[in-house]
Amino acid sequence: AKSPSEQYGHIVKVVNAYAAHYGGRCGFALGKVGSPEDVNTVKCGSRVEALAATRGSKLAWREFGAARRSRRSSASDEGEPFECEVRGYAAVDAAASLTLFVNDR
C-alpha cells in the first residue's frame with residue numbers, strides 16, 4: 001500500500017494534467033488543509049496560462065500542429081484513407097515529460 005503522501009502526490013499529478021488540458025474552460029484548485037494550494041488555475045485563463053501554472057511559468061510554451069493523410073497498408077482496410085491531426089503545446093526543460101489527451105480523455 002502506498003503512503004498517504006505518495007497517494008496525494010499522484011492526485012496532484014492527475015489534477016495538474018487535467019488543469020492543463022481544460023485550461024480556459026474550467027479552473028482547478030487543490031491543496032491540503034492549512035497549506036498553500038498545490039494546484040490553482042482560474043476558469044477565465046487561457047490554456048497557456050494553465051500550462052504555466054501547472055508546469056512552470058519560466059518555460060516558453062509553443063503551440064504546434066501537424067496533419068497526416070495516407071493510405072492504410074493492411075489488406076483488410078481496402079486502401080481507406082487515414083487522416084490524423086495533432087495540435088498541442090510543447091516546452092523543453094531538463095525533465096521533459098509528455099501528457100497526451102486523445103479525444104478529450
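What follows is calculated from the coordinates using simple rules that are stated; it is not laboratory data. Please read all numbers here as calculations on a predicted model, not as lab measurements.
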field: Listed residue pairs exceeding 22 Å between alpha carbons, taken from K2/K32; K2/K43; K32/K58
entry: K2/K43; K32/K58
- request: Work out, step by step, the length gained on full extension between K58 and V12: first 0.36 nm times the residue separation, then minus their alpha carbon distance; give nm to one decimal.
  value: 14.6 nm
